[in-house]
Amino acid sequence: MTSSASVLAPGLARKVSKILATRTELPEVVGALSTLSTFYEENTPQAQRRLRTTIEQHSLSINEQFLAAAEDIIKALDAVQLDLDSLAGDCTHINGALAGAKAASADMAADTEHVSRQLAASQLRSRLAEQFLQQYQLSPEEVAALQGAQIGEPFFRALERVCSIHANCRSLLRTQHQRAGLELMDLMSSYQETAYEHLCRWVQGECRRLGDTDAPEVEPMLQWAASALRERPVLFKFCAAEVAGARHNALFQRFIAALTRGGAGGMPRPIEMHAHDPRRFISDMLAWVHQALASERELLVALFGDDAVEGAAGHVEEAMSPRSRPPDMPSTSALLDQVFESICRPLKVRIEGMLMAQPPLLLCFQISQLLAFYQRTVSSMLGSRCQLADTLAATCKLARRVFAEQLKARGDKLLRYPPKPQPDLSPPPQVGESLAQLLGITKAFEESYNEAGTGRSSEAEFAPVLAAAIDPLVKMCERSADSLQPDAPSRVDESSKLSPSSRLIYIINCLAPMHEALAGRACAAGKARELAQAMEAHTARLVGGECGQLLSRCGMAEVVERVRLYSSGGKLSEGAVMAADASLPLERISGAMHAMFNMLSRPDTLPELSPLQAPRLRADAVARIAQSLAEAYETVYSAVADPASGYTQQQGASAALEHSPENVRIILGVLA
């Protein structure tokens, strides 16, 4: 008994330890206990002994419930199985029937497939035939449109179709269907020639109608026809010549009517009503020509297309493609040249008549600038080689020649009869008159460039005009000034007490208004510089003469000249001492310096140069005279103060250096 208990004790101990090691918080344990609590009601020892039996009975009850619930499903599955067996039998029957039918209809399917292939090939051939007819044949409606008398949109559509077919036939010539291609090309060529001849006759008739009105409107159909005729250059030339001839005659009649009769109802008035005013008469004619050129160009461009004109070189560059504009086809500029050839002669005759009447100098120049402006305008539109541009260039050349002849005649007259100088040395009236006229010419020249849109005038172009106007005027003033020289046989007004500087002052007074009139003008910059240089040269001589007179008055002229020979490094300064020069004793130098200082101390010593009329020039000349006197005194003073000259050891040297150059500058008002 004890041994068995000892045997059972370890097993029990293991169970107990296993039970104690069980984790009751696991979800599986919790779930099992929850399920057990639903049918395990009492926890008694008897119930604990029958726990396994209770659990098995509960499991059996669950299985019995499952079987009861699944019995209906099993019966339904049995019924479905019976239906499936029936369907399988029917399918087997049908497969057998289909196999028999397929074996019986195999020949029919082969025939059907063969017929389907034949039908597809026939449909393909039908589509190819339709495409061929569409690309290489005309429809009856298109043939009727080409052969009909009416020119309209159907005609041009059919003509485009013929050209397209003719181009497509070239592709046939590269295949084995060359014969068909040649026959079709011959047929389309005959259609084309007939259509183009008919179109050319219609266009010529329409173009003749264009010459009946002053400003005709080009209908779209006529534009279309002219564009179509580009494919036939010969026919296109005929039509273009017809248009040019019609517009040639119409333009001539319009120009004569504008000159003599004016517009409808008398407005605008006839241009020749202003023939008494050459500038307005010529301007009105050229304005009418420019307006007509614009309208005629618009007409021809609308009818025949546009082209680019390179006015500078005079060449016409075609702006159209080679296909639309063959090389030998007339350009719009060439047609315009033919049209405006009609008015070249009457225009030239009237302009030359105005110029031969010798208009005034300024008016003649204005006319030449007006003609030059329109010549540039026409050249930019038609090219420099057109007849209208040549006509304007010839009349402009004539106007400039007449202007140059008048200007030269005026200059010769001024040189032939130079005026006598006024007692106050003011410029003669001829200077003011000539400058007033020159200012008008300059203004007209600048305005012509402003109208042309260039903005800046050309100095080189205006230089000959300035030379022809200013140079004789300057020479006249110089010849007139010759009578102011002391030894001149025609010395004016001996009682006027003119100084030796009167000639230079008179010339400066004449040059000053010339320079003032031209200064600040771009077209006269070069001539203004020449006049300024001439004025500077005369002013320098005037200053030198006045300084020489003042220095001679106080005995300093020869002293200064001699001292400068020593200080300039010449032969006299090579080993020579200035104090040893017999012509430069200290007493002479000291006396001259004191005399000069005393002379400059007087308020009326410096010349006022009152005859010099320009205040700025007069003030500048007086200042330069004072500067030259101060420099002369400083030269002598420095030479005496220099120990190398030998004067500092002589008695009286300090007396000679009594007045410094700074004192002289202060007296003269010259800044150091």
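Taken together, the values in this text are just the output of simple stated rules run on the coordinates, not laboratory data. Keep in mind it's a predicted model, so treat the numbers as computed, not measured. Neighbour counts are summed over all protein chains in view; Cβ atoms, including those assigned to glycine, are modelled from backbone coordinates with ideal geometry.
Using the Cβ-Cβ distance between residue 249 and residue 532 with R0 set to 60 Å, the FRET efficiency from 1/(1 + (r/R0)^6) comes to roughly 0.50.
Once the C-beta distance of residue 37 and residue 79 is scaled by a Förster radius of 60 Å, the resulting FRET efficiency is 0.90 to the nearest 0.05.
Quickly rank 237-246, 406-415 as a protection proxy: mean count of other C-beta atoms within 10 Å, highest first.
Packing order, densest peptide first, comes out as 237-246, 406-415.
Calculated FRET efficiency, residue 194 to residue 301, Cβ-Cβ distance, R0 = 35 Å: about 0.70 to the nearest 0.05.
Here the simple spin-label model places points 7 Å from the Cα toward Cβ, and for residue 581 and residue 47 these points are separated by 16.3 nm.
According to the square roots a ≥ b ≥ c of the eigenvalues of the Cα gyration tensor, what is the shape class of region 13-131, taking rounded for a/c under 1.5, prolate for a/b larger than b/c otherwise, and oblate for the remainder? Note, shape of region 13-131 comes out prolate. Here the simple spin-label model places points 7 Å from the Cα toward Cβ, and for residue 655 and residue 540 these points are separated by 4.0 nm. Packing order of peptides 282-289, 89-96, 432-439, highest average first: 282-289, 432-439, 89-96 (average count of other Cβ atoms within 10 Å over each peptide's residues).
Take the residue pairs 348/408; 397/527; 413/443; 348/443; 348/413; 413/527 and return only those whose Cα atoms are more than 28 Å apart.
348/413
A straight line joining the Cα centroids of region 545-560 and region 587-657 runs 9 Å.
Pairs of Cα atoms nearer than 8 Å and 6+ residues apart set the relative contact order; for region 541-670 it is 32 percent. Packing, taken as the mean count of other beta carbons within 10 Å per residue, orders the peptides 345-353, 649-657 from highest to lowest as 345-353, 649-657.
Taking 0.36 nm per residue of sequence separation and removing the Cα-Cα distance, the residue 108/residue 644 pair yields an extension gain of 178.1 nm.
Working from label points 7 Å from Cα in the Cα-to-Cβ sense, the residue 221 to residue 120 distance is 5.2 nm. Taking a sphere under 11 Å around the Cβ of residue 556 and counting the other residues whose Cβ falls inside, with K and R at +1 and D and E at -1, yields a net charge of +1.
Could you please report the charge total around residue 588, scoring K, R as +1 and D, E as -1 over all other residues with beta-carbon less than 15 angstrom from its beta-carbon? Once positives and negatives cancel, what remains is -3. For region 64-69, backbone phi angles converted through the Karplus equation (6.51, -1.76, 1.60; θ = phi - 60°) give residue-by-residue couplings of 4, 5, 5, 5, 5, 5 Hz, Gly and Pro being listed as x.
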